[in-house]
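Working notes, beginning with the structure itself.
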Amino acid sequence: MKRFEGKTALVTGASRGIGEAIAKRLAAEGATVLAAARSADALAGVVSAIAAAGGRAEALPLDLADSASIEAGVKSALASHGEIHVLVNNAGVTEDNLILRMGREAWDRVLSTNLTGVFLLTQAVIKGMVRKRYGRIVNVTSVVGLMGNAGQANYAASKAGLIGLTKSIARELASRNITCNAVAPGFVATAMTEKMTPEAREKLAGEIPLERLGTPDDVAAAVAYLASEEAAYVTGTVLNVSGGLYM
């Protein structure tokens with residue numbers, strides 16, 4: 001039997017990159033995936049690919065920067081599927097600048113989506129998990145949240161805050177058989193890194209003990225483990241998927 005057969009999983013930021021890989025991995029292992037992003041159109045390719053591979057998925061328009069959108073999205077998901085067993089908070093944005101030049105708007109936009117949005121979505125979803133006394137929550141943070149990064153004060157603060165949120169949720173909900181963990185990717189080969197020159201990518205890989213960039217599938221495998229019954233006794237942990245970049 002597949003690990004997520006009979007389970008419904010909500011994955012944010014599922015239209016591309018790491019989120020797309022997570023959605024496909026969970027679907028391949030039997031989950032009905034609610035692939036969430038701001039635009040349903042952006043999710044069409046992912047949903048179609050999952051269906052073509054024999055999986056089950058549907059698009060769920062949801063904007064983490066908009067509390068009304070979060071409320072409507074969760075309400076729609078529960079109306080269609082009854083409950084959400086797995087929540088993967090993957091969506092995030094960046095708006096980089098040196099702290100001396102970073103405007104308040106850039107700070108607020110990143111924190112609103114990456115941290116406040118995760119808080120609001122999790123709060124909405126866990127009500128059903130508490131009633132059913134079952135749930136798996138996996139938050140996608142970053143090694144930047146553990147070690148900081150020049151030019152990313154807002155992003156690093158949001159991801160560090162997400163780690164604190166993860167541990168607090170884990171402590172609060174453990175008695176309800178709900179686990180909450182985080183995955184902290186390092187440098188991952190995505191559309192952004194593909195725009196770099198070969199020399200720049202080689203230099204980046206040289207900073208990693210395993211001497212390569214991670215892949216979205218590397219992260220998806222870690223998320224699938226933490227969301228599965230194999231990790232039923234794991235909660236409040238941060239699993240680094242960084243090739244040894246952060247130890």
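The values are calculated or read from the model by the stated rules, or taken from the named source; none is laboratory data. The structure presented is a predicted model; accordingly, all values stated were derived computationally and were not measured. Positions of Cβ are generated from backbone atoms using ideal geometry, with glycine treated the same way; all protein chains shown enter the neighbour counts.
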**Prompt:** Which residues, taken from segment 164-214, are over 30 Å from Ile126 (Cβ atoms) and in contact (Cβ under 8 Å) with a residue 40 or more places away in the chain?
**Reply:** Phe187, Ala191
**Message:** Please go through segment 201-216 and give me each residue that is of a type outside the set (Gly, Ala, Ser) and over 13 Å from the mean Cα position of the chain (by Cα), ordered by number.
**Reply:** Arg201, Glu202, Lys203, Leu204, Glu207, Ile208, Pro209, Leu210, Glu211, Arg212, Leu213, Thr215
**Item:** Residue check for Ile70: over 25 Å from Gly17 (Cβ atoms) and of a type outside the set (Gly, Ala, Ser)
**Value:** no
**Request:** Residues being under 13 Å from the mean Cα position of the chain (by Cα) and either crowded, with 19+ Cβ neighbours inside 10 Å or on the phi > 0 side of the Ramachandran plot (or both): count how many of those fall in segment 219-238.
**Result:** 7
**segment 174-200, subset hydrophobic (A, V, I, L, M, F, W, C) and more than 19 Å from the chain's Cα centre (by Cα), residue modelled with the highest pLDDT** = Ala174
**Request:** Scan Thr190, Thr179, Thr166 and give me the residue that is of a type in the set (Val, Ile, Thr), closer than 30 Å to Gly103 by Cβ and touching a strand residue (DSSP E or B) at 6+ places or on another chain (Cβ under 6 Å).
**Result:** Thr166
**Message:** So, restricting to helices (runs of 4 or more DSSP H) that lie completely within segment 107-212, which ones have at least 2 residues that are surrounded by 20 or more Cβ atoms within 10 Å (Cβ to Cβ) and on the phi < 0 side of the Ramachandran plot?
**Reply:** 117-132, 144-147, 153-173
